[in-house]
Each structure stands twice: as C-alpha cells, then as structure tokens.
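This report concerns only the one structure given below.
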Amino acid sequence: MSAWLRDETPLNPAQSDLDERRSDIFALLRDEGRHRTAQVTAPGAEWLASAAVYPHSALSLWRARPAAPAVLPCGSVFDIVNVPAVFGRRMLDRLWGDGPGSGPVAVHRGRMLLFTAPGTAHRLPSLLRWEEFGDAVPPLLCHGVGDAVTIPALTPQSAEGPRWVVAPDTRQPWLPGPEVLLWACVRAVRTGRAADVRVSIFPAAEQDATVYDVSRRR
C-alpha cells in the first residue's frame with residue numbers, strides 16, 4: 001500500500017478489521033483504477049487531496065468514506081469551468097476529437113465540471129467577451145481563487161448522481177488553459193449550430209457511452 005494511505009493512528013482489533021476492509025477500496029484504485037477512464041486512481045486521489053487545506057485529513061476521510069463526495073477549494077491546484085452538461089459534452093467531443101484532450105472532468109447536478117489550469121477562471125470570461133461567438137456560449141460558472149466545489153466520490157455508486165467522466169489518474173494531470181477552453185467553446189457552438197441536435201450526457205445503454213482515450217492527452 002502506498003505511503004500516503006498508511007494510517008498511523010493506533011487501532012484496536014475491531015477498528016483494524018474495519019480498516020482492512022476499507023483498504024480494499026484503495027487497493028482497487030491503485031491496482032486497477034488506472035485502466036478505467038471514469039475510475040479515480042490512487043495517484044489521482046493524491047492529486048485531488050493536494051488541493052485541500054489539510055491533504056492528509058482529506059485522504060483519511062476518503063479512506064473512511066470512499067463513496068462520499070468532497071468539497072475542495074479552487075485556485076491553487078486547479079480551477080474549474082462549470083458548463084451545462086449538453087454543451088460540455090460537445091466541448092469534450094471537440095477536445096478529444098480535434099484537440100489535445102482534457103483534464104479531469106466530472107458531472108454534477110446536470111452540469112459538467114472541467115478541471116483546468118489555475119488562472120483559467122479569471123481569464124476565460126474576458127476572452128469570451130472578445131470572441132465573435134462568445135455571445136452564443138451558454139452561461140459558464142468559472143471557479144477560481146476563493147471558490148470551492150463539490151466533486152464526485154472516489155467510487156461513485158450510481159450513474160445517475162455525481163460521477164467522473166474523465167477521472168484524475170496521475171499525480172500531475174495535464175490541465176487545459178483558457179485558450180484551449182476558448183477554442184473548445186467556439187467549436188462546440190459551431191457544432192451545435194450545424195447539427196442542431198441534443199446530445200445526452202447519460203446514454204440509454206452503457207455500451208453506447210463515449211470512452212475517451214486518455215493516453216492521447218498531451
């Protein structure tokens with residue numbers, strides 16, 4: 001087990017048995033999660049925790065409750081661009097189809113959370129104001145310094161609730177900056193106008209779900 005998962009607090013036998021069962025979750029993240037696009041890996045969990053004020057406490061909480069969502073601050077490790085789910089899906093299709101890929105992405109309450117480089121939340125709105133197609137982009141919620149967001153659990157229990165679309169899988173994931181997000185927004189607007197169709201972020205059957213090849217990420 002990785003050092004960051006080690007619990008240094010003395011445990012009684014009953015607690016030890018419970019801890020052993022919980023550790024199985026993190027063994028799965030470490031050994032198998034990296035093969036699943038929507039499954040957080042152990043290095044990915046460590047990266048998420050690094051955004052918390054007390055990273056070790058965040059890891060301890062996830063170890064005890066891996067199926068519970070968490071609230072993390074933005075601005076230092078990552079910013080988040082929060083977009084309507086349908087438009088976000090179009091952005092992802094462009095990022096992975098024609099662009100450099102994306103950073104971690106999650107879905108929560110009908111909206112898509114795109115993890116971006118710090119500073120993106122501040123710069124993207126001003127870039128959109130100067131862009132020809134900026135007025136056609138649906139309202140974006142940009143979370144940066146001073147903001148906090150709720151992220152899905154490490155091991156989501158249902159496809160209906162908060163979940164990862166592209167889960168963090170490394171200790172230093174690549175994060176797109178404001179220029180990349182601007183490009184994706186413009187392409188998504190053009191795609192939406194050309195197709196004039198609604199794309200569901202929740203496919204009717206699991207076999208129809210889009211799988212993004214994270215190995216292509218730059």
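The values are calculated or read from the model by the stated rules, or taken from the named source; none is laboratory data. Because the structure is a prediction, the values reported are computed rather than measured. Every residue, glycine among them, receives a Cβ derived from its backbone with ideal geometry; neighbour counts consider all protein chains shown. These area figures cover heavy atoms from the full protein model, side chains too; ligands, DNA and RNA do not enter into them. Shrake-Rupley method; radii C 1.70, N 1.55, O 1.52, S 1.80 Å.
One residue stands out among those in segment 119-161 that are in a helix (DSSP H, G or I) and charged (D, E, K, R): the one that is farthest from Leu59 (Cα to Cα), which is Asp135.
Looking at this structure, is Trp130 open to solvent by 50 Å² or more (accessible area, probe 1.4 Å) and not hydroxyl-bearing (Ser, Thr, Tyr)? Considered against the rule, which asks whether it is open to solvent by 50 Å² or more (accessible area, probe 1.4 Å) and not hydroxyl-bearing (Ser, Thr, Tyr), Trp130 comes out as yes. Check whether at least one residue in segment 149-160 is modelled with pLDDT of 90 or more, open to solvent by 20 Å² or more (accessible area, probe 1.4 Å) and at negative phi, and report yes or no. Yes, segment 149-160 contains a residue that is modelled with pLDDT of 90 or more, open to solvent by 20 Å² or more (accessible area, probe 1.4 Å) and at negative phi.
Considering (1) out of contact with any Cys (no Cβ under 6 Å at 6 or more places or on another chain); (2) buried (at least 17 other Cβ atoms within 10 Å of the Cβ), the lone condition that His143 does not fulfil carries the number (1). Restricting the search to segment 76-88, which residues are out of contact with any strand residue (DSSP E or B) (no Cβ under 7 Å at 6 or more places or on another chain) and either within 16 Å of Val149 (Cβ to Cβ) or open to solvent by 20 Å² or more (accessible area, probe 1.4 Å) (or both)? The answer is Ser76, Val77, Val86.
Looking across segment 72-127, the residues that are touching a Leu at 6+ places or on another chain (Cβ under 7 Å) and hydroxyl-bearing (Ser, Thr, Tyr) come down to Ser102, Thr116, Thr120. Of the residues Pro104, Pro73, Pro69, only one is within 15 Å of the chain's Cα centre (by Cα), at pLDDT 95 or above and open to solvent by 20 Å² or more (accessible area, probe 1.4 Å); which? None of the other options fit; the residue is Pro73. Any idea which residue in segment 32-48 is surrounded by the fewest Cβ atoms within 10 Å (Cβ to Cβ), counting only those that are under 11 Å from Leu154 (Cα atoms) and modelled with pLDDT under 80? Among those that are under 11 Å from Leu154 (Cα atoms) and modelled with pLDDT under 80, it is Ala38. Here segment 161-174 is the region considered, the condition is being farther than 19 Å from Arg89 by Cβ and open to solvent by 30 Å² or more (accessible area, probe 1.4 Å), and the residue that is nearest to the chain's Cα centre (by Cα) is Asp169.
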